[in-house]
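Reviewing the structure listed below.
The values are calculated or read from the model by the stated rules, or taken from the named source; none is laboratory data. Quick caveat, the model's predicted, so the values are computed rather than measured. Don't worry about glycine lacking a Cβ; one is built from the backbone with ideal geometry, like all the others, and counts go over all protein chains shown.
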Amino acid sequence: MKLVTGLLAAALLLAGMGASHAAVRIADDRGGRIGTYVDRYQGLRSSGETVIIDGLCASACTIILGAVPHDRICVTPQARLGFHAAWDPGANGRAITNPEATQMLYSMYPSSVRRWIAQRGGLRPQMIFLRGKQLMSMYRPCYLDAQAATPRPSAARRDRDLRHRELIAPPPAVLAREPD
């Protein structure tokens, strides 16, 4: 009887794990049309899922910072955010900066990110990158494997372990769903 009760309790616990325990991983996302990302991230916001930024998130991808609550975003040491002014295609395919869309994009970002961008001259046609300690000071760190939670190894061991991690880690994918 105790075994049946234990199994029932475990089944109920597992059944209770829903979307709020799932995670969306962003890696190697170079962005695209602002409207597409706004639509995509509205659904993500209401899903309750955690967002793991684990690589490049550039251009319209960075809308995630304003679309999803701050406490549901974490960054890995590989995370890099790329910001630039919004643009429209002009004659002969040349990019023409769109000041209204740039202002809208800028206003979507949290104040700490807007401050960081402003300190670098604002959103311009050239990409600027937020990464490393500066990014980790704005968002909580997250780890894709238990190895990252252990004390920091020596440089040689860390390099060897990173090569090993690349072999066992799932391949990077744009917005690939992974369990916690």
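Numerical summary
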| item | result |
| --- | --- |
| Test: residue in the range 139-154 that is assigned to a helix (DSSP H, G or I), modelled with pLDDT of 95 or more, under 20 Å from Leu65 (Cβ atoms) and of a type outside the set (S, T, N, Q) | no |
| Gln126 exposed (fewer than 15 other Cβ atoms within 10 Å of the Cβ), in contact with a Leu (Cβ under 9 Å, 6 or more places away or on another chain) and at pLDDT 85 or above | no |
| Selected residue [surrounded by fewer than 15 Cβ atoms within 10 Å (Cβ to Cβ) and among the β-branched types (Val, Ile, Thr)] from Thr36, Thr62 | Thr36 |
| Sole residue being under 25 Å from the mean Cα position of the chain (by Cα) and without any contact (Cβ under 8 Å) to a residue 24 or more places away in the chain, chosen from Arg124, Arg114, Arg94 | Arg114 |
| Among (1) surrounded by fewer than 17 Cβ atoms within 10 Å (Cβ to Cβ); (2) modelled with pLDDT of 95 or more; (3) at positive phi, the one test that Arg115 misses | (3) |
| Residue in the range 83-92 that is crowded, with 16+ Cβ neighbours inside 10 Å and in contact with a Lys or Arg (Cβ under 6 Å, 6 or more places away or on another chain) present | yes |
